[in-house]
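Shown next, in structure tokens, is the structure this report addresses.
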């Protein structure tokens, strides 16, 4: 199905009243604040791990679950979290996610045992899986398709990029100046203010025809499949791709997702991922592009952080500060994306941005053991982060275009899941690849060249995306 056809047959279904005027801007920033919290908590704990281990007596094996518990549950429940907003209402599910996230952050920040902290990180991941798709769903149903939505998505993308990049800096500042506990407790006041704002700003949910028809078998299969797949991939980092735990996780994940596909097509009355969505060209091609993009950019932070601390011998706070150019350039790229899309269209911008990022990673691969910050990090940071900032907005715009209101949550959950799964698979594959190098510097060079190759594949895959119907009729806003 072409882009024009998909747009014409679905966009008219979005007939719910939109928030008007200044209220729309307030809703935008509310969604961005919630998304910032979710993305921030993926990385904010990294620099605090030594302090957490010392304070609570974690074993080396147990400590990884402070990060892994959150990431695993977050990825595993995204498809379910996205569909919840369609079935039970965006306002209601957004509030559920906020309350769950803030409450688990409070208990986790006060935890006195390793088990309680890991447990609360798991609950945080569940809250994040509900909240992240809801923020995107709220935006796509508040802003009508076209210039205003593209601009809103660009801001949402910029804030998401800032959250991921700022995690190391904020974690370092809070841990060094206050305590590791504040990397979790900081979410509580943000969550409370966001709940109060949501009660005031978001319109009351209308009764929906799908209410009470949540596809529970599909939800269980999707959660099991994605969780097992991500767990299997992460196990490859420690046990190799042929290890029993790796193969078991991958096999269970593939079988569960295959069963999900059969269930959704043949048996589900209200599918978790409606087959009509997957058949739409912007959806399947856009999510394939997002999967590869996640495999590039999520591992980038991991390897750059290790390079700065292990090779350049930066401390936690210095590492966070060194990431500032990545953050600022990424935000600038995301804000610039709508203006570029007006001239190029989403597909062309995806190609150009992916190639720009690839050039930055090739440059980054030239690092050496004695490289200075200016020589080894700043220049590549500007190029790769500009590509990253320009890339995500046109992908998000493509995936969310022409989606009926009743499917907005499913589309949002699918896109978020594609990005997280891509990141998990990419990280595990790159860690395995890095282990084959002869020394530390060579391993980083190999990794960054591999990421550049995947970015090039993103540019090639973009040819599968639909082109604008008319030359110059891109879906970008007028500034």
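The values are calculated or read from the model by the stated rules, or taken from the named source; none is laboratory data. These figures come from a predicted structure and were not determined experimentally. Cβ placement follows ideal geometry from the backbone for every residue including glycine, while neighbour counts extend to all protein chains displayed.
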Expected single match for more than 30 Å from residue 408 (Cα to Cα) and modelled with pLDDT of 80 or more among 263, 344, 246 is 246
Please state which one of 37, 120 is under 23 Å from residue 177 (Cα atoms), in contact with a helix residue (DSSP H, G or I) (Cβ under 8 Å, 6 or more places away or on another chain) and surrounded by 19 or more Cβ atoms within 10 Å (Cβ to Cβ). 37
Residue match in region 230-238 (condition: surrounded by fewer than 16 Cβ atoms within 10 Å (Cβ to Cβ) and not assigned by TED's automatic domain parsing to the domain that holds residue 78): yes
Residue list for region 82-117, restricted to those being without any contact (Cβ under 8 Å) to a residue 24 or more places away in the chain and either closer than 16 Å to residue 42 by Cα or crowded, with 24+ Cβ neighbours inside 10 Å (or both): 104
The residue from 383, 362, 321, 329 that alone is within 26 Å of residue 47 (Cα to Cα), in contact (Cβ under 8 Å) with a residue 60 or more places away in the chain, crowded, with 18+ Cβ neighbours inside 10 Å and in the same structural domain as residue 418 (by TED's automatic domain parsing) is 329
Among the residues that make up region 74-97, is at least one of them in the same structural domain as residue 413 (by TED's automatic domain parsing), in contact with a helix residue (DSSP H, G or I) (Cβ under 8 Å, 6 or more places away or on another chain) and in a loop (DSSP other than H, G, I, E, B)? yes
Could you tell me how many of the residues in region 98-123 are within 21 Å of the chain's Cα centre (by Cα) and assigned to a loop (DSSP other than H, G, I, E, B)? 0
